[in-house]
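Throughout, read-outs are computed from the coordinates displayed, never taken from laboratory work. Quick caveat, the model's predicted, so the values are computed rather than measured. Because the Cβ atoms are built from the backbone with ideal geometry, glycine has one as well, and the counts that use them run over all protein chains shown.
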Amino acid sequence: MFIITLRDFNHIGKAMVMNSIQALPLAEFILASYPDKGITPMKLQKLAYYTKVWTLVAGKHAVMADFKKWDYGPVNQEIYHQYKTFGGEVIPTGIITKPDIDEQLEVFFTFILDNYVNFSAFALSAMTHNEDPWIETSQNATISDKSIVEYYSKQPFAKNFIKANPKEGPFHLLQSDSWHAFTLDMDPDEAVAFESYPSYDEFLKQSKKAENDFQEFFKEMFN
C-alpha cells in the first residue's frame, strides 16, 4: 500500500514548490478547460476539491483554497458566492478565459480532472460522502490538509502520483462508486485485475473501445 506520512508530506511540499492558484482562478481553469461537460456550481465545487486533494497527495501545495463540510460535500466559499446565482443550472463558459498558469501545473490538473469530469454533480457529491475527510469533519468546519493527505494517500489512485509524470508507467484506476458496482460480484482476485492498466494511454484506449462497443450495442437494440 502506498502511504505518504505527514513528515514526508511536509518535506515534499517544501521541495516541490510550484506556481500556486487561488480558488476563483482554479474555477475558471476548470470551466474554460471543459466547456462541454455541463458543469454546475455543485459539480464545479467537487472538481475543484479533488484537484486540491491529489495535488496535496502528490506533495504539491498548489491549490490555495479551503473547503468546508456542507451538506452536499466540500464547498469553497469564494467559488460558492461567485457562482451561486446559477443554482443547479450549467454555468455558461463563453466569456470565461482560462488563466495563465504554470505549464507543468496545467498538465497535472488536467490529468486529475480528466478522471472526474465525466461524473455527474450528484455522483461526485456521493463520492465525497463516502470518504473520511468529509465524514469526520464537523459541519461547516474546514476540511484540513492533514485529513486529506492521511486518507487519500492510502487510496489506489494515489499510486499514480509516486511518479513525476502520473501518465507514465502503470495507471491505477480511480475506484469510484461505479467501479465498486462493476466489481461487486467479482472474486477479490479477479477484481484486482481491474485495478490498473499497463499505462494511462492503454486505459484511454480501452475506455474508448468500451464506449464505442456500447454505442453499437445500443444501436442494434433499437434498430
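For Lys68, the residues whose modelled amide H falls within less than 5 Å of its own, excluding neighbours fewer than 5 places apart on the same chain, are Val75, Asn76, Gln77, Ile143.
When only Cα pairs below 8 angstrom with a gap of at least 6 residues are kept, the range 1-153 shows a relative contact order of 36 percent. Distance between the 7 Å Cα→Cβ label points at Asp102 and Glu168: 1.7 nm. A simple count of charges around Pro25, restricted to other residues whose Cβ falls under 14 Å of its Cβ and scoring Lys, Arg +1 and Asp, Glu -1, yields -3. Taking a straight Cα-Cα cut-off under 28 Å and skipping sequence neighbours fewer than 8 places away in the same chain, the lysines within cross-link reach of Lys69 are Lys14, Lys37, Lys43, Lys46, Lys52, Lys60, Lys84, Lys98, Lys146, Lys154, Lys159. In this simple spin-label approximation, Glu202 and Ala126 carry label points 7 Å from Cα along the Cα→Cβ vector, and these lie 3.0 nm apart. Overall, the range 11-155 carries a charge dipole of about 180 debye about its Cα centre when +1 sits on the Cβ of Lys and Arg and -1 on the Cβ of Asp and Glu, all other atoms neutral. Residue-wise HN-Hα couplings along the range 120-128, as the Karplus relation 6.51 cos²θ - 1.76 cosθ + 1.60 with θ = phi - 60° gives them from phi, are 6, 4, 6, 5, 5, 4, 4, 4, 5 Hz; Gly and Pro carry x.
Using a simple spin-label model with pseudo-atoms 7 Å out from Cα toward Cβ, Gln139 and Asp66 lie 2.0 nm apart.
By the count of other C-beta atoms within 10 Å, a proxy for reagent exposure, Met64, Met127 are ordered fewest to most as Met64, Met127. Checking the a/c ratio against 1.5 first, then a/b against b/c, what shape does the Cα gyration tensor give for the range 1-153? Taking the square roots of the gyration eigenvalues as a ≥ b ≥ c, the range 1-153 is oblate. Amide H to amide H distances under 5 Å link Phe171 with Tyr197, Ser199, Tyr200, where only residues 5 or more positions off or on other chains count and H is placed in the peptide plane. Can you list the residues, at least 5 places off or on another chain, whose amide H is less than 5 Å from the amide H of Ile39, using H built in the peptide plane? When sequence neighbours closer than 5 places are left aside, the close amide H contacts are Ile91.
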